[in-house]
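Enquirer: Okay, here's the structure, questions in a sec.
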Amino acid sequence: MSTPSPRIRNPWAWVPSSYLAEGIPFAMVIWVAGTMFKDLGHSDGEITLATASIGIAWSLKPLWAAFLDMFKTKKFFVLWMEALMALLLCGIAVALPLPNYFQITIAVLWVMAFASATQDICVDGIYITSLDEKGLAKYIGVQGVFWNVGRLFGTALVVWLAGSLKEDHHLSTTAAWSWALGMSGATLALLAAYHWFFLPTGSLGERPESVKAAFRTFGEAVVDFFKKDSIWGMLLFVFLYRSSEGLLLIEGPLFLQASPDAGGVGLSLKDKGLIDGTIATVVSLGAGLLGGAFMAKYGLNRRTLVFMALCLNIPHVCFVVLSQLAGPGHSLSFWTVASLVTLEKFGYSFGFVANMLYMMQQISPGKFHMTHYAFANSIMNLTLVPTQMVSGPLADHFGYKTYFIIVMVAAIPSVLGAMFAPFPRKPDNGQPHGGPARH
């Protein structure tokens, strides 16, 4: 697939669409698949163990990140991964009516996760190498917002469409989800076509002469990574920052979908999609932009990092309140659920910005900044894998009321990590550093 030189390099022409395309497959694998399996009758424990383990793919991406520049451009891999993921989603749609659809779907989701991880590496590489330091800081909020739009595309539009096809058009559960997955695959195909014209190529790294040279370069990148000042303290922060969030990412939506007899809220697919979409999208978009503006104005430092950690974690109390109100014989109003879920989404989108900026400004700068940013992202995703895997079994064992109290207790390490996070690259006059230098 040849890729013409883009005529438009305005970041607004490609940053939003690139991170939208990043967010969609992650959402489909981690959240939408769980919603679908729940609708098809699987337990929380079965769902989280199967889907969360797939998240390991995003944690392993540094193993091949250094090799992606060997023969082709970053743009080349972005286009092909988006096209591949479009085909995989359509493949799941075709497989759903089969008796062994669960095993087939999990296998396809694993392939999709590795394709998505490859896309992530190259999109982040394009972002880092196509913008100057001012641009890196300016568009960090836009990056986070549109990644979340991709997430909301899946959790809102795809889920709502499946619900509408069931409730309004009387399709079977299997048929409704097949059509919804087909639509998501078509969306990724359209994004690939758009990026063929408008996505920058990204600057090329120094290509190794052979696979042996590539391994040698990768080894140098690993050694250089662990030689960075305060690297273990920085990695500990990245590992802890989203520790409690991992317990909520999959299990929170499953709780909203669970029946009141099981202690859940009992939302229909349409209501769940509407709350996660039409209502929460506007708030999440605004929160991400406000988070970026906040960091641009006050800079990345310990005080702002702690504040952002509190913003990320304190809203988890909304699920504590919901779990205490929900249950057999308790019917919660749509607006009660929508208000509390939206408040949690605001805190997530606002606080998430600091984590990404910390990795760009404090961990990744240097000779191997693309690879080192992938390393940091992988540590972050590795945190989410075990917490998401145990979330379902814990909720099944303790019940939702106790489980969400456990989530709040798990937020304490996140705030402590922000309080003691090292800053080897000191901010200048309270303003944020730009990201890594361009090639």
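Enquirer: Measure out, as a whole number of angstrom, how far apart the alpha-carbon centroids of region 211-288 and region 15-92 sit.
Expert: If you average the Cα positions of each part, the centres end up 13 Å apart.
Enquirer: Across the Cα atoms of the chain, what radius of gyration and what greatest pairwise Cα-Cα distance (Dmax) are found, in Å?
Expert: 21.0, 68
Enquirer: Next question. Take the Cα atoms of region 110-154, find their three principal axes, and give me the spread along each one in whole Å, biggest first.
Expert: Between the extreme Cα coordinates on each principal axis of region 110-154 lie 36, 22, 8 Å.
Enquirer: Next question, about the same structure. Using per-residue counts of other Cβ atoms within 10 Å, averaged over each peptide, order 292-300, 113-121, 180-188 from highest down. Don't skip to the end; give the middle numbers.
Expert: On the way: 292-300: 18.7, 113-121: 24.6, 180-188: 21.4.
The most tightly packed comes first, giving 113-121, 180-188, 292-300.
Enquirer: In addition: For the chain, calculate the relative contact order in percent as a whole number, restricting contacts to Cα pairs under 8 Å that are 6 or more residues apart.
Expert: Values: 767 pairs, mean separation 124.4, N = 439.
The value is 28 percent.
Enquirer: Work from the charge dipole of the chain (Cβ charges, +1 for Lys and Arg, -1 for Asp and Glu, about the Cα centre) and give the residue of SER414, PHE398, LEU181 farthest towards its positive end.
Expert: SER414
Enquirer: Full extension from ARG216 to ASP261: what is 0.36 nm times the residue separation minus their Cα-Cα distance, to one decimal in nm?
Expert: On the way: separation 45, 0.36 × 45 = 16.20 nm, distance 5.78 nm.
Between ARG216 and ASP261, full extension yields 10.4 nm more.
Enquirer: Right, something else. Expressed as cubic angstrom per residue, what is the convex hull volume of the alpha carbon set of region 41-132?
Expert: Measuring per residue, one finds 115 Å³ for the Cα hull of region 41-132.
Enquirer: In nanometres, what is the gap between the two model label sites at LEU382 and VAL282, each 7 Å from Cα along Cα-to-Cβ?
Expert: Using points 7 Å along Cα→Cβ, the separation is 4.2 nm.
Enquirer: Taking θ as phi - 60°, what are the ³J(HN,Hα) couplings along region 325-338 by the Karplus curve (6.51, -1.76, 1.60), each to the nearest whole Hz, with x for Gly and Pro?
Expert: Using θ = phi - 60°, the values come out as 7, 7, x, x, x, 10, 9, 8, 5, 4, 6, 5, 5, 4 Hz.
Enquirer: How large is the charge dipole for region 119-253, taken about the Cα centre, if only the Cβ atoms of Lys, Arg (+1) and Asp, Glu (-1) carry charge, to the nearest 20 debye?
Expert: On the way: 10 positive and 13 negative charges, 20 e Å.
About 100 debye.
Enquirer: Sorted by mean Cβ packing within 10 Å, highest first, what order do the peptides 346-358, 99-111, 278-290 take?
Expert: On the way: 346-358: 24.9, 99-111: 15.3, 278-290: 19.2.
Packing proxy ranking, top to bottom: 346-358, 278-290, 99-111.
Enquirer: Tell me the Rg and the Dmax, in Å, that the Cα atoms of region 285-438 produce.
Expert: That works out to 17.9, 60 Å for Rg and Dmax.
Enquirer: To continue, here is another question. Need the full-extension length gain, HIS330 to ILE314, defined as separation in residues times 0.36 nm minus the C-alpha distance. One decimal, nm. Kindly include the intermediate steps, with their values, before the conclusion.
Expert: On the way: separation 16, 0.36 × 16 = 5.76 nm, distance 2.51 nm.
Extra length from HIS330 to ILE314 when fully extended: 3.3 nm.
Enquirer: Along each principal axis of its Cα atoms, how long is region 211-346 end to end? Whole angstroms, biggest number first, please.
Expert: 63, 39, 24
Enquirer: How big is the dipole moment of region 11-419 about its Cα centre under a simple scheme where the beta carbon of each Lys and Arg is +1, that of each Asp and Glu is -1, and everything else is neutral? Debye, nearest 20, please.
Expert: Details: 23 positive and 24 negative charges, 163 e Å.
Here the size comes out at about 780 debye.
Enquirer: Same structure again: Among the lysines, select those whose C-alpha is under 17 Å from the C-alpha of LYS228, and discard any that sit fewer than 8 residues away in the same chain.
Expert: LYS367, LYS426
Enquirer: Could you order the peptides 329-337, 235-243, 162-170 from most to least packed, using the average number of other C-beta atoms within 10 Å per residue?
Expert: Details: 329-337: 12.2, 235-243: 21.7, 162-170: 16.6.
Per-residue Cβ counts within 10 Å, averaged per peptide and sorted highest first, yield 235-243, 162-170, 329-337.
Enquirer: Could you work out how much longer the chain between LEU40 and VAL111 gets when fully extended? Use 0.36 nm per residue separation minus the Cα distance between them, nm to one decimal.
Expert: On the way: separation 71, 0.36 × 71 = 25.56 nm, distance 2.21 nm.
Contour length minus Cα-Cα distance gives 23.4 nm.
Enquirer: Moving on. Normalised radius of gyration for region 129-180, please: alpha carbon Rg relative to 2.2 N^0.38 Å, two decimal places.
Expert: 1.79
Read the figures in this text as sums done on the coordinates, not as results from a lab. None of these values were measured; they are calculated from a predicted model. Positions of Cβ are backbone-derived with ideal geometry, glycine not excepted, and every protein chain shown enters the neighbour counts.
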